[in-house]
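Here's the structure we're looking at; comments come further down.
The values are calculated or read from the model by the stated rules, or taken from the named source; none is laboratory data. What you see is a predicted model, and the numbers here were worked out from it, not measured in a lab. FYI the Cβ positions are ideal-geometry reconstructions off the backbone, even for glycines, and counts take in every protein chain you see.
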Amino acid sequence: MIWLLAMQLAIGPTEHYEQAKQDFAQRKFLEADSEVNAALHDDPYMVSALVLKARLATFAHRLDVAKSCLITAITADPTSEEAQFYLGVLLYEQNDFKPAISPLQAAQRLSPHSPLPVFYLAMTREALGDYNEALELYQQAENFSPPRSPQSAEIDVVLGRLLVLMGRDQDGIEKEHRAIEVNPGSRDAHYILAKGLEHEGEFEKAAREGELALTLPEANASDADIHFLLTRLYRKLNKPHLAEAHMEKFLAAQKSTSK
């Protein structure tokens, strides 16, 4: 009996948190939630547990709980780069772009050579229309990332998109080619490359990239986006039958997503 009581007392918030981390890594979300709640019952201001609970709440689409946990974590420890970063990401993904800037800037200050806080800060600035500042931040994130890595490829895709949007098509095309070298299966990279090539008058090449993008798993670029681009390209190539076929698929995709 005394042994059992001693064992129960030995299981503190740290042990519950470590078990929750293991469960989370194994995608045992119910078990992880139970363990992290036990950790927070013993220590309501345990920052690492609050961040993990926020991540679990995000997976469960309980964004109000996630936000509350992260704010509590930052109140307990404003120097937690992890809590600041996840709060910024959460706000960004909810399209609360202006409120996202402060925690992302804090995360950047706390971890000045980490690519992710500056990358999300760049995307937030772009969403607010601050293209020049976003460009500088993307370039910083690119410099902080390991070369020819999945992370650098993701940054190249988004940076290339902004460059094409700003009319710097050749620079954007170069970024997309580099991203494709690392990740040939990136639908977004092929789609943005097609748009850059279209601006350069390379309609045949652009159409090939667009058709290839359609065969790849859906990402930010939807089927409707690509069909609309291909409709435009085939009209420019004087191939009305292909343009009409893609327009029909574009309209069908639009109808499907509006249901």
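Could you please find all residues in region 187-225 being hydroxyl-bearing (Ser, Thr, Tyr) and closer than 14 Å to ILE173 by Cα? Lay out the reasoning, then the answer.
Of the residues in region 187-225, the ones hydroxyl-bearing (Ser, Thr, Tyr) are 191, 215, 222.
Correct list: TYR191 only.
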Residues satisfying the stated conditions in region 23-33, i.e. surrounded by fewer than 13 Cβ atoms within 10 Å (Cβ to Cβ) and either assigned to a helix (DSSP H, G or I) or of a type in the set (Lys, Arg) (or both): ALA25, ARG27, LEU30
Please go through region 60-78 and give me each residue that is over 22 Å from GLN105 (Cα atoms) and touching a Lys or Arg at 6+ places or on another chain (Cβ under 9 Å), ordered by number. VAL65
Among the residues of region 174-204, count how many are surrounded by 24 or more Cβ atoms within 10 Å (Cβ to Cβ) and aromatic (Phe, Trp, Tyr). 1
Mind checking which pairs have a first residue in region 29-53 that is within 15 Å of GLU82 (Cα to Cα) and without any contact (Cβ under 8 Å) to a residue 24 or more places away in the chain and a second that is of a type outside the set (Asp, Glu) and part of a helix (DSSP H, G or I), Cβ under 7 Å, 6 or more apart or different chains? LYS53/VAL36; LYS53/LEU40; LYS53/CYS69
If PRO147 satisfies all but one of (1) farther than 25 Å from GLN84 by Cα; (2) over 16 Å from the mean Cα position of the chain (by Cα); (3) at pLDDT 95 or above; (4) of a type outside the set (D, E, K, R), what's the number of the condition it fails? (3)
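Picking from GLN84, GLN105, which residue would you name as being free of Cβ contacts under 8 Å to residues at least 24 places away in the same chain, more than 20 Å from ASP156 (Cβ to Cβ) and either under 19 Å from the mean Cα position of the chain (by Cα) or surrounded by 15 or more Cβ atoms within 10 Å (Cβ to Cβ) (or both)?
Working: GLN84 fails: free of Cβ contacts under 8 Å to residues at least 24 places away in the same chain.
Exactly one residue qualifies, and that residue is GLN105.
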If you go through region 196-226, how many residues are more than 21 Å from LEU162 (Cα to Cα) and not β-branched (Val, Ile, Thr)? 7
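Does GLU154 satisfy being more than 28 Å from ALA107 (Cα to Cα) and surrounded by fewer than 21 Cβ atoms within 10 Å (Cβ to Cβ)? Full working, then the answer.
Working: more than 28 Å from ALA107 (Cα to Cα): no; surrounded by fewer than 21 Cβ atoms within 10 Å (Cβ to Cβ): yes.
So GLU154 fails the test.
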Kindly provide the set of residues from region 215-241 that are surrounded by fewer than 19 Cβ atoms within 10 Å (Cβ to Cβ) and either in contact with a strand residue (DSSP E or B) (Cβ under 6 Å, 6 or more places away or on another chain) or within 17 Å of VAL157 (Cα to Cα) (or both), ordered by number. LEU216, PRO217, GLU218, ALA219, ASN220, SER222
If we keep only residues of region 242-259 that are over 27 Å from the mean Cα position of the chain (by Cα) and charged (D, E, K, R), then the residue surrounded by the most Cβ atoms within 10 Å (Cβ to Cβ) is LYS249
Flag for SER48 being touching an Asp or Glu at 6+ places or on another chain (Cβ under 8 Å) and either at pLDDT 90 or above or surrounded by fewer than 19 Cβ atoms within 10 Å (Cβ to Cβ) (or both): yes
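For region 192-222, give me each residue that is among the small types (Gly, Ala, Ser) and either under 19 Å from the mean Cα position of the chain (by Cα) or not in a loop (DSSP other than H, G, I, E, B) (or both).
Narrowing region 192-222 to residues among the small types (Gly, Ala, Ser): 194, 196, 201, 206-207, 210, 213, 219, 221-222.
Of everything in region 192-222, those that are among the small types (Gly, Ala, Ser) and either under 19 Å from the mean Cα position of the chain (by Cα) or not in a loop (DSSP other than H, G, I, E, B) (or both) turn out to be ALA194, GLY196, ALA206, ALA207, GLY210, ALA213, ALA219, ALA221, SER222.
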